[in-house]
Amino acid sequence: MGGFFGVTSRHDAVADVFFGADYHSHLGTRRGGIAAYDSERGLQREIHNIENSPFRTKFDGVFDEMSGNAAIGVISDYDPQPLLIKSNIGTYAICTIGRVNNAEDLISQYLSFSGGHFNVMSGGKVNATDLIAALINQKSDFVEGINFAQSVIDGTASILILKDDGSLIAARDKVGRLPVLVGKNDDGYAVSFESFAYKKLGYEDEKELGPGEIVEITVDGITQLSKPGKEMKICAFLWSYYGYPNSNYEGINVETMRYRNGQIMAEYDKECKNIEDIDYVSGVPDSGTPHAIGYANESGIPFARPFIKYTPTWARSFTPSVQSERIKIAKMKQIPIHELIEDKNLLFVDDSIVRGTQLKETVDFLYENGAKAVHMRSACPPIMYSCKYLNFSRATSEMELIARRVIMDLEGEEGFKYLDEYSDASTERGKNLRKTICENFKFSSLEFQSLEGVIKAIGIEPCKLCTYCWNGKE
């Protein structure tokens with residue numbers, strides 16, 4: 001995934017961008033970067049590897065090295081950013097969020113007529129932001145170029161540009177799968193993926209860009225360069241997992257959505273009489289916790305934390321590229337509270353069940369520490385498709401998804417014709433999916449939130465939500 005943050009101000013902008021970009025660290029842990037513009041020093045840039053050290057640690061000395069009244073920062077889970085570009089439409093810094101599925105075709109097409117070239121990274125891969133800049137530069141101005149780039153990209157591209165006059169250009173992806181918000185204070189404006197990032201720095205909500213909308217921002221105001229499109233498909237998984245609790249997207253707060261989501265799951269379980277003899281409701285930390293609070297509040301079962309994650313020194317467990325390392329880190333972070341585990345019937349709510357590998361380790365850990373029973377609830381439907389619009393998962397094959405693997409074991413590839421049935425808990429196939437996962441993971445019971453339940457918890461029209469990872473519908 002990734003996230004960006006930009007500021008144009010009457011005062012130095014680097015400090016706000018330093019903190020604002022750092023507030024996006026939950027979205028990626030591979031590269032971090034800052035670019036700034038100063039009228040005397042021009043454009044400046046720093047990029048650091050943040051795989052083994054936090055963004056703020058790597059950029060701790062940036063205040064001595066960089067200055068300017070406008071700046072942009074980015075957390076990138078893949079390519080180094082921001083890039084500095086000199087082209088026919090100007091000199092600028094650029095960062096992007098999203099995914100380009102047809103990169104090789106676009107690269108080949110560009111090289112066939114341009115006589116240009118790309119810098120390549122190890123393994124010969126072209127930086128996606130470099131490719132997007134090359135697409136923009138084929139046109140005579142930024143607006144025409146951004147619209148062209150977004151029209152030919154198969155995937156998603158939200159774009160933040162810092163021009164060499166100190167202004168910012170922000171563009172939300174063409175169907176709004178990702179949020180882009182603008183905040184304002186007395187000195188200027190901030191652009192952000194996460195709204196809480198600028199609020200914490202003293203900015204107030206000013207504008208949320210619509211799908212495909214492009215704006216130019218100076219200290220004096222916001223100018224709309226391209227109107228928003230009518231179609232929106234914002235990622236529903238942002239509320240279920242990726243979004244930070246304090247943020248709002250399309251006016252819907254992440255944390256309160258998760259409470260509603262848990263409440264809806266508990267209502268279903270009460271109706272089906274699935275929650276008898278449960279001692280505690282718990283969340284798989286951290287993002288499962290608010291779903292569990294909503295579940296506990298509705299069910300009347302006490303909320304508790306039978307284990308705590310030790311996070312001061314351990315990195316996020318899903319980020320290492322080697323699965324065995326992810327499992328090891330996840331296990332090392334889990335510190336049990338024996339009084340809340342021994343001889344207890346526990347119901348855990350997780351934000352999702354993707355591969356299931358870490359979850360199995362967690363359940364084994366609970367039984368090793370004396371749990372009598374472990375019931376599991378997923379705050380979203382079974383994930384049946386790898387996302388082709390955002391890099392929200394490190395899964396490289398749909399067969400890494402636990403639901404797909406179980407269906408293959410049950411019916412082979414023939415079962416993939418019935419994914420809708422497997423998602424539905426009321427069908428025989430749906431019951432078999434849940435029963436098999438329970439047997440494999442030693443769950444006492446398992447249920448997934450329904451697609452209708454997630455949509456109800458978000459509270460946005462279904463046609464405006466992207467639910468591809470659950471139902472394969474674009």
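Values in this text are rule-based calculations from the coordinates and carry no lab data. Owing to the predicted nature of the structure, the values given are computational and were not obtained by experimental measurement. So basically every Cβ, Gly included, is an ideal-geometry build from the backbone, and we count neighbours across all protein chains shown.
Couplings 3J(HN,Hα) of region 217-223, computed from phi: 10, 10, 5, 8, x, 10, 10 Hz, in residue order, whole Hz [Karplus 6.51 cos²θ - 1.76 cosθ + 1.60, θ = phi - 60°; x for Gly and Pro]. The alpha-carbon positions of the chain define a convex hull whose volume is 145 Å³ per residue. Rounded to the nearest 10 degrees, the angle from helix 288-299 to the longest Cα principal axis of the chain is 50 degrees.
Counted residue by residue at 0.36 nm each, then reduced by the alpha carbon distance between them, the extension gain from HIS11 to GLU342 reaches 113.5 nm. Computed from point charges on the beta carbon alone (+1 for Lys and Arg, -1 for Asp and Glu), the dipole magnitude for region 252-471 about its Cα centre is near 680 Debye.
Among the trypsin sites (Lys or Arg not before Pro) in region 239-278, those located in a DSSP loop and surrounded by at most 12 other Cβ atoms within 10 Å of their own Cβ are LYS273. Restricting the trypsin sites (Lys or Arg not before Pro) of region 386-474 to loop positions (DSSP other than H, G, I, E, B) with no more than 12 neighbouring Cβ atoms within 10 Å leaves LYS473. With all pairs of separate Cα atoms included, region 252-471 yields a Kirkwood hydrodynamic radius of 17.8 Å. Return one number: the angle in degrees, 0 to 90 and rounded to the nearest 10, between the long axis of the Cα atoms of helix 402-411 and the longest principal axis of the Cα atoms of the chain. Approximately 50 degrees, to the nearest ten.
Of the three principal axes defined by the Cα atoms of region 1-148, the extents in descending order read 43, 34, 22 Å. Toward the positive end of the charge dipole of the chain, with +1 on the Cβ of Lys and Arg and -1 on the Cβ of Asp and Glu, the farthest Cα among ILE161, ILE107, LEU84 is that of ILE107.
Ranking THR218, GLY183, TYR268 by how far each Cα lies toward the positive end of the dipole of region 170-287 (charges on Cβ) leaves THR218 at the top. Using only side-chain charges placed at the Cβ, +1 for Lys and Arg and -1 for Asp and Glu, the dipole size of region 2-232 relative to its Cα centre rounds to 480 debye. Sorting 39-46, 116-123, 465-472, 68-75 by average packing, meaning the other beta carbons within 10 Å per residue, from highest down gives 68-75, 465-472, 39-46, 116-123. Scanning residues 5 or more positions from LYS174 or on other chains, those with amide H under 5 Å from its amide H are ALA157, GLY212, with H placed 1.01 Å from N in the peptide plane.
This ranking places TYR78, TYR244 by how few other beta-carbon atoms lie within 10 Å of each, fewest first, which gives TYR78, TYR244. Here the dipole of the chain is about 540 debye; that uses its Cα centre as origin and unit charges on the Cβ of Lys and Arg (positive) and Asp and Glu (negative). Principal-axis analysis of the Cα atoms of the chain puts helix 323-333 at an angle of about 70° to the longest axis. Going by neighbour counts of Cβ atoms within 10 Å, the residues LEU111, LEU83 line up, fewest first, as LEU111, LEU83.
How do ILE146, ILE308 line up, fewest other C-beta atoms within 10 Å first?
ILE308, ILE146
Out of the GluC sites (Glu not before Pro) in region 255-304, which ones are loop residues according to DSSP with at most 11 other C-beta atoms within 10 Å? Here the GluC sites (Glu not before Pro) that fit, given the DSSP loop and packing criteria, are GLU276.
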